[in-house]
Amino acid sequence: MVAGKQGELMVHTPQDFINNDPIKQLQTKYKEFQNGFKGWLAKQSLPVEAAIVTITSAAQGATIGGIMGTLTTDVAASAPPPAASLNPQAMASFQQAQVTC
């Protein structure tokens, strides 16, 4: 030990672990940001508010679309092609129907 300093022993209670939960902290910070942003947005003029809402909605739609597109591509690659599940007679009938139409 360093002269003049004594070691400390800290006992953690279950409440300490709940307060230090990173998920809870992230949710709290997000709520604080969201409330602050909504408060700031309410103070803006109508054209500014409309522009900001449009931009944030477009960004949200692009993000969700990108995620869904990535997931859809992965699922489609793992599924067998539709023609592989049909029997030859059904496929010939289908092709004949297409030619007729």
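The values are calculated or read from the model by the stated rules, or taken from the named source; none is laboratory data. Worth saying up front: this structure is predicted, and the values here are computed from it rather than measured. We place every Cβ from the backbone using ideal geometry, glycine too, and count neighbours over all the protein chains shown. SASA here: full protein model, heavy atoms, side chains in, ligands and nucleic acids out. Shrake-Rupley method; radii C 1.70, N 1.55, O 1.52, S 1.80 Å.
Brief remarks follow.
- Cβ pairs under 9 Å, 6+ apart, first in segment 48-65 and polar (S, T, N, Q), second assigned to a helix (DSSP H, G or I): T56/F37
- Residue match in segment 58-65 (condition: of a type in the set (S, T, Y), open to solvent by 70 Å² or more (accessible area, probe 1.4 Å) and modelled with pLDDT of 70 or more): yes
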